[in-house]
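For reference, the structure is listed below as structure tokens.
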Amino acid sequence: MPKLTIDGNTVEVAKGATLLEAAQQLGVYIPRYCYHPKLTVSGSCRMCMVEVEKSPKLVTACSTEAADGMIVRTTTDKVKAARKDVLEFLLINHPLDCPICDQAGECSLQDYYMAYSLAKSRFPQGDKARRAKRRAVGPHLVLDNERCILCTRCVRFCAEVTKTSELDVMERADHSYIDLKEGKALDNDYSLNIADLCPVGAFTSRDFRFKTRAWFLKKTSTICLGCATGCLIEAHHHENAVHRIVPRPNAETNTWLCDHGRMTYKAVRAGDRLAKGVIKNGVIDLEPALREVASRIDEAHSAAAVLGSPWLSVEDNAALSRLAGDALKTENFCFDFTAEQGIRDGILINKDPAPNTAGAMLLKAARGGLTLEEFSRRIGAGQIKVVVTEARAAAFIKDVVKASGARLIVFATNKAQIPAGAYATLPYASYFETPGTFINHQGLRRRAEPAVEAQEGVKPLWEMVNKLAVYSGTSLRLHCAEDALKGINF
Ligand code: SF4
Ligand code: SF4
Ligand code: FES
């Protein structure tokens, strides 16, 4: 293992590590544009130059392998002058867009200019090269070529990660620009990662553009519930509204996010968000809706049943199991969900679209219940006349419910989720508004954390279950989500 000295401190690194990685190990930050830990090295921007003793010229830290005995300096006058020169070069043609650029506040050009340059431009503003601006390239991105510093991260991402190779550097020298290859559209399933990767405001997200300034955003660490992969994410929000989702890179699951996952936050503020109950097709206040649902459950008596859901947290499924066992006192309940698991595209997207199949199965192991086959059979045989479940889980029993005429009572966050023919729908808070535990396809237990507050009157699902039990004449004594887990070895 090579041992080298960086700014007077000795460090031992793995063979093959670069000077930039060695410095990182010591906590020494080296500025970079083209370098990205998950992409191949390009060594094109020259922002990472450092001095190596006995080397006649400065070297790029991102592409120079650490060697035994090397003496590296990252803060000498020569290095500082080089950084200043690189910035001056990059800024020659960069437009003065900052006041209207979405990247402002999180832009490496701004940050590095303040940290390493502060020089006045020697080039007249009118001489700047003009390039194409604000071009929509694909469903999620806008490209502004004037702002591009040709680091090629976007090109390498499409070539190496999605392997779709939509982008390339066109022309040569100072005529170079990034563009789509002929006949291509930037519509791969991971395109929004390019907006994160782009160190300047050349690629921006069509969804996030002009929503808010980066410095207003608060960040909540949570998880994506778009599929069973369960990527770690940060929800960025301002004034009780989520504005975007970005990855929380981690070694276990994800560096990137898929575009579908990034858009899951939109349901929170969608026009069809439910805050009241729905009986058949009519919207009614929550309390009468609960009363109506409780009456239908009482009427069905021993033919009432509960179906859990792989879209719900472990706590909310546990609350449903308490509803079945303690309030309805029925054996007609089911948490038996199997789905093919595994990454379907070799990158992130899971074959299982539900985020908590593993969590539901864990509940089955703890609480028992019917297999999905037996549950369906009982509906078909008329032994189950009312089913309480989560809206998306109703799809598992849709045909048999339709054939038997059983009543479907669902919990849903949005109107679009309500299955055809549902008798009643009760609203609940989404997992951007309330916490919950989920187990991803790797068996990793993770927490969804609330980023924003739910609309007045919209409660977490466990609380709705608690209310429903009261209307049915039983107290489940659920004061918090964890109460539902009492007695479960989890
Ligand atoms: S568009 Fe952004 S990521 Fe692509 S080369 Fe230009 S600066 Fe780099
Ligand atoms: S792969 Fe799944 S968990 Fe990851 S971002 Fe996409 S939808 Fe979300
Ligand atoms: S980060 Fe090293 S050359 Fe760009």
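Being hydroxyl-bearing (Ser, Thr, Tyr), more than 16 Å from ligand 1 (Cβ to nearest atom), part of a loop (DSSP other than H, G, I, E, B) and open to solvent by 10 Å² or more (accessible area, probe 1.4 Å) narrows it down to one of THR229, THR212, so name that one.
Just a single option satisfies the conditions, and that option is THR212.
Taking the residues in region 168-178 that are within 22 Å of CYS107 (Cα to Cα) and either in contact (Cβ under 8 Å) with a residue 40 or more places away in the chain or crowded, with 18+ Cβ neighbours inside 10 Å (or both) as candidates, determine which candidate is farthest from the chain's Cα centre (by Cα).
TYR177
Are any residues in region 241-294 of a type in the set (Lys, Arg), exposed (fewer than 13 other Cβ atoms within 10 Å of the Cβ) and more than 29 Å from the chain's Cα centre (by Cα), and if so, which ones?
LYS280
Just to be sure I understand the filter: pairs with C-beta atoms under 7 Å, separated by 6 or more residues or on different chains, first member in region 138-158 and aromatic (Phe, Trp, Tyr), second member open to solvent by less than 10 Å² (accessible area, probe 1.4 Å) and more than 6 Å from ligand 1 (Cβ to nearest atom). Which pairs pass?
PHE157/ASN193; PHE157/ILE194
Scan region 394-440 residue by residue and report those that are small (Gly, Ala, Ser), free of Cβ contacts under 8 Å to residues at least 60 places away in the same chain and open to solvent by less than 10 Å² (accessible area, probe 1.4 Å).
Result: ALA429, single match.
Can you confirm whether region 145-154 contains a residue that is of a type in the set (Ser, Thr, Tyr) and away from ligand 1 (no atom under 15 Å from the Cβ)?
no
Just to be sure before I move on: is LEU328 closer than 30 Å to PRO288 by Cβ, assigned by TED's automatic domain parsing to the domain that holds GLU463, open to solvent by less than 10 Å² (accessible area, probe 1.4 Å) and more than 19 Å from the chain's Cα centre (by Cα) in the structure I sent?
So LEU328 does not fit the description; no.
Could you say whether any residue in region 235-245 is in a strand (DSSP E or B), in contact (Cβ under 8 Å) with a residue 40 or more places away in the chain, at negative phi and within 16 Å of ligand 2 (Cβ to nearest atom)?
The answer is yes, given that some residue of region 235-245 is in a strand (DSSP E or B), in contact (Cβ under 8 Å) with a residue 40 or more places away in the chain, at negative phi and within 16 Å of ligand 2 (Cβ to nearest atom).
Only residues in region 25-48 that are in contact (Cβ under 8 Å) with a residue 12 or more places away in the chain count as the first member; pair them with residues that are in a helix (DSSP H, G or I) and within 16 Å of ligand 2 (Cβ to nearest atom), Cβ under 7 angstrom, at least 6 apart or cross-chain, and list the lot.
If the second residue must be in a helix (DSSP H, G or I) and within 16 Å of ligand 2 (Cβ to nearest atom), the pairs left are HIS36/LEU197; LEU39/PHE157.
I'd like the full set of residues that are without any contact (Cβ under 8 Å) to a residue 40 or more places away in the chain and either touching a Phe, Trp or Tyr at 6+ places or on another chain (Cβ under 7 Å) or open to solvent by 60 Å² or more (accessible area, probe 1.4 Å) (or both), limited to region 457-470.
LYS459, VAL470
Could you tell me how many of the residues in region 331-362 are open to solvent by less than 20 Å² (accessible area, probe 1.4 Å), more than 19 Å from LEU444 (Cβ to Cβ) and not polar (S, T, N, Q)?
Total satisfying the criteria: 2.
Quick check on my filter: what residues within region 179-203 are within 23 Å of ARG130 (Cα to Cα), touching an Asp or Glu at 6+ places or on another chain (Cβ under 6 Å) and open to solvent by 10 Å² or more (accessible area, probe 1.4 Å)?
Hits for region 179-203 are LEU180, LYS181.
Would you mind listing the strands (runs of 3 or more DSSP E) fully within region 341-454 where at least 2 residues are within 24 Å of the chain's Cα centre (by Cα)?
Result: 407-412, 436-439, 445-448.
Tell me, which residue of region 137-151 that is more than 13 Å from TYR190 (Cβ to Cβ) and open to solvent by 30 Å² or more (accessible area, probe 1.4 Å) is nearest to ligand 3 (Cβ to nearest atom)?
If we take residues in region 137-151 being more than 13 Å from TYR190 (Cβ to Cβ) and open to solvent by 30 Å² or more (accessible area, probe 1.4 Å), then LEU150 is nearest to ligand 3 (Cβ to nearest atom).
Residue by residue, here is whether (1) surrounded by 15 or more Cβ atoms within 10 Å (Cβ to Cβ); (2) over 29 Å from the mean Cα position of the chain (by Cα); (3) aromatic (Phe, Trp, Tyr); (4) within 16 Å of ligand 2 (Cβ to nearest atom) holds:
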| residue | (1), (2), (3), (4) |
| --- | --- |
| ALA66 | yes, yes, no, no |
| ASP77 | no, yes, no, no |
| LEU96 | no, yes, no, no |
| GLN103 | yes, no, no, no |
| LEU109 | yes, no, no, no |
| ARG130 | no, yes, no, no |
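Is it the case, given these coordinates, that VAL50 is within 12 Å of ligand 3 (Cβ to nearest atom), crowded, with 17+ Cβ neighbours inside 10 Å and part of a strand (DSSP E or B)?
Against the criterion (within 12 Å of ligand 3 (Cβ to nearest atom), crowded, with 17+ Cβ neighbours inside 10 Å and part of a strand (DSSP E or B)), VAL50 qualifies.
The values are calculated or read from the model by the stated rules, or taken from the named source; none is laboratory data. Not measured: the values here are computed from a predicted model. In this analysis, Cβ positions are derived from the backbone assuming ideal geometry, glycine residues included, and neighbour counts consider all displayed protein chains. Note: accessible area is taken over every heavy atom of the protein model, side chains too, but ligands, DNA and RNA are not part of it. Shrake-Rupley method; radii C 1.70, N 1.55, O 1.52, S 1.80 Å.
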